[in-house]
Structure formats: structure tokens, C-alpha cells
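K.L.:
Quick one: structure below, then a few questions.
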Amino acid sequence: MKKILLAITCLWAACISCSDDTKIGAPDEILPDYVLPQGNASKEANDRIQQIFDTYTSYVLYNYTEKDAFWTQTAADGSAQIYRAIMGEPRHVDAMLDYIQDIWLQFFPEEFLKKGGIPYRVFLADSIYCDRGWGKTPYNYRVNGNALIVGGMNKDLTTMDAATKKARKNELLGAMWDYYIAQGLLNVPDEFYKNTDYEKMPVLPSMGEEALEAYRKRGFLPSAYYGETPSEWFWGDYAWTQAKENDLKSFMFHLRERTDAEVAWFLNNPEYELIQKKWNILIDYYKKEFGIDLRKMGNTTFE
């Protein structure tokens, strides 16, 4: 015991000695990650970017390095795959801010955006692509950790037709919805699944009109359309093992991307009561819990 007390005494003396001899300097200054304004975009654009940071603590950036935008590089099959983000000209920042407002930010309330609805860094790019060595694959956006890169900041913004803008809206909203779910900003109401039978496998809807009607009455929607022809997510045994996920995705697709006129065929059919019930559950839940109007997303079109 005496040896232990002696050791403690010596250790304490050493600490006192160190504290007498070593002066603790002033703490290092914590500098911001980026300095705003970044460059020679218009004063209005720079002011809008500053306002976004002041309100949401998120940086909207148009002057950056690719290393900053992409933290990692990936490789597959021995061929280098390098993501590239080509910066746009600052004169297009105003139009780009309008663009992301139109296809993304307008659909989410301020309180949601303040809680992380805008990633910490939003990079504005002329174009984004993946160079696999043997060819380039273009992208309209990339989500990378807590960063979002949005392409299109060029002269084509002012000439983009309504169909392309709507497609870009649908694509980005789908990606951001997945991001919000992964970040825990959104979740799925258990009630959506409550009255749907995910155990007994239905007859394939492709087996004829009677099978298709029975499938619809069980509460299932198409997952996509080719022109006006619906494509069903349930095509076989494996798809049924992911029935819950596929079911939810099909509803979210219709809610976010299809107009009232395009969904009237199932909302006005009294035989599709379960579809209508699940539809309203999702609308009511996201409106009440998060202030998000899913039908505004689906019904928004552009000129």
C-alpha cells in the first residue's frame, strides 16, 4: 500500500512540475470552412448564397476543387473510375439558384431545411460525369456524404424545356428523399403497411386482366410507365421477397412524379379502396409530421 501511495505522490508532483514549467498558449482560431462571397457572381447571387448560409448553415459553392467535392475515388474491374465535376461560369449562378429552388427547395418547408434538409455543402457544377477510362457517363447530380453536387450551371438552363426540367425535378427529389431517409430526417409510417398482405404471393399481374385486377385490389401500384404502358414491380419470386420496399417505392413514385390527372384511374375507382387508403396515409403523414406536400411535388409542372 505504501508503494502505491508513493507512486501516486510522485505522479502528482510530476504533474505540478509540468504545470509550472509549461505555459498554455491561446487556443487556435477556428476558421470557417469557406469564405463568402466566393467570387465574382452577381451581388444578388452572392447575397442569396450568404442568406442560405445564415439561415440553414449550409454552403452553396461555385468556386471549389474536385478534390473538395469528391472525397473518394472508386475503382472496379481494374479500370479507374474517376468522378469529375466541371465548374460553371459565375455569370450563371443566378439562374442556377433559381433552378435548384424550382426543382428541389420549394417543396420543403423552412423548418425542415433548417434541420438538415440542405446538406452542409451544395456544389454548383456545369457538368458531372464518371470517367471509366473507356468512356464517360454523365450525371445530373451526385450525393456524396453530406454534400450534394448539382450539374447544369451553364447557358442551357435558360433554354431547358418543360419536360426536361420536370424530369430533373423528379430525379433530384427521388435522390434527396433517399438521402433524407438515410440521414434520419424522414421515416415511413408503419400504418402504410398495416392492411397489406405481404405473405401470400399473388398471381403475377402479367397473367391476364383478372390477375391484374386482383393484384390492384390487394393494394399494389405499377412501379413505372413506358409511355402509357404500366410496368409492374412484381415480376417473380425474388421481387416478392422485397415486396414491402417495392410497394412503398411504387407509391412514392406516383406521389412525387404523377399529376392528379395521371393518377385519376386508381383514385376514382371504388374497387381500389386499399390503394386509396395507403395513398392518403402517406399524404397525411408527411404533411402533418414534416410539413411536406407530396402532391405539390407530383402536380408541379414547368413552362
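The values are calculated or read from the model by the stated rules, or taken from the named source; none is laboratory data. Treat the numbers as computed from the prediction; the structure is a model and nothing was measured. With ideal geometry, Cβ positions are generated from the backbone for all residues, glycine too; neighbour counts draw on all protein chains shown. Just the protein is used for accessible areas: all its heavy atoms, side chains included, with ligands, DNA and RNA removed. Shrake-Rupley method; radii C 1.70, N 1.55, O 1.52, S 1.80 Å.
K.L.:
Name every residue in region 273-299 that is open to solvent by less than 10 Å² (accessible area, probe 1.4 Å), in a loop (DSSP other than H, G, I, E, B) and not hydrophobic (A, V, I, L, M, F, W, C), in order of residue number.
P.N.:
Across region 273-299, there are no qualifying residues.
K.L.:
Count, please, the residues in region 168-200 that happen to be surrounded by 14 or more Cβ atoms within 10 Å (Cβ to Cβ), free of Cβ contacts under 8 Å to residues at least 60 places away in the same chain and among the aliphatic types (A, V, I, L, M).
P.N.:
Adding up the residues that qualify gives 1.
K.L.:
Hey, does region 109-120 have a residue that's open to solvent by less than 50 Å² (accessible area, probe 1.4 Å), over 22 Å from Asp68 (Cα atoms), more than 18 Å from the chain's Cα centre (by Cα) and modelled with pLDDT of 95 or more?
P.N.:
no
K.L.:
Additional query: Out of (1) out of contact with any Leu (no Cβ under 6 Å at 6 or more places or on another chain); (2) within 24 Å of Asp293 (Cβ to Cβ); (3) touching a residue at least 40 places away in the same chain (Cβ under 8 Å); (4) buried (at least 20 other Cβ atoms within 10 Å of the Cβ), the odd one out for Ile103 is which?
P.N.:
(1)
K.L.:
Is it fair to say Trp265 is of a type in the set (A, V, I, L, M, F, W, C), without any contact (Cβ under 8 Å) to a residue 40 or more places away in the chain and open to solvent by less than 80 Å² (accessible area, probe 1.4 Å)?
P.N.:
no
K.L.:
Here are some conditions: (1) over 23 Å from the mean Cα position of the chain (by Cα); (2) of a type in the set (S, T, N, Q); (3) open to solvent by less than 60 Å² (accessible area, probe 1.4 Å). Thr229 meets all but one. Which one does it not meet?
P.N.:
If we test Thr229 against (1) over 23 Å from the mean Cα position of the chain (by Cα); (2) of a type in the set (S, T, N, Q); (3) open to solvent by less than 60 Å² (accessible area, probe 1.4 Å), just (3) comes out false.
K.L.:
Among residues belonging to region 36-61 that are of a type in the set (A, V, I, L, M) and in a helix (DSSP H, G or I), point out the one that is surrounded by the fewest Cβ atoms within 10 Å (Cβ to Cβ).
P.N.:
Across region 36-61, the extreme among qualifying residues is Ile52.
K.L.:
Considering only region 123-146, state which residues are farther than 17 Å from Tyr179 by Cβ and loosely packed, with under 15 Cβ neighbours inside 10 Å.
P.N.:
Result: Asp131, Gly133, Trp134, Gly135, Lys136, Thr137, Pro138.
K.L.:
Which residues, counting only those in region 240-266, are over 13 Å from Leu221 (Cβ atoms) and outside any helix (DSSP H, G or I)?
P.N.:
Gln242, Thr259
K.L.:
Next up: Between residues in region 131-160 that are within 18 Å of Asn63 (Cβ to Cβ) and residues that are among the charged types (D, E, K, R), which pairs lie under 7 Å by C-beta distance while being six or more apart or on different chains?
P.N.:
If the second residue must be among the charged types (D, E, K, R), the pairs left are Ala147/Arg121; Ile149/Arg142; Gly151/Asp126; Met153/Asp126; Asn154/Asp126.
K.L.:
Does Asp190 satisfy being among the charged types (D, E, K, R) and over 18 Å from Ile100 (Cβ atoms)?
P.N.:
Yes.
K.L.:
Separate question: So is Tyr193 in contact with a strand residue (DSSP E or B) (Cβ under 9 Å, 6 or more places away or on another chain), at pLDDT 95 or above and among the hydroxyl-bearing types (Ser, Thr, Tyr) or not?
P.N.:
For Tyr193, the condition - in contact with a strand residue (DSSP E or B) (Cβ under 9 Å, 6 or more places away or on another chain), at pLDDT 95 or above and among the hydroxyl-bearing types (Ser, Thr, Tyr) - is not met.
K.L.:
Quick check on region 74-87. Is at least one of its residues at pLDDT 90 or above, surrounded by 10 or more Cβ atoms within 10 Å (Cβ to Cβ), closer than 13 Å to Arg121 by Cα and among the β-branched types (Val, Ile, Thr)?
P.N.:
The answer is no, given that none of the residues of region 74-87 is at pLDDT 90 or above, surrounded by 10 or more Cβ atoms within 10 Å (Cβ to Cβ), closer than 13 Å to Arg121 by Cα and among the β-branched types (Val, Ile, Thr).
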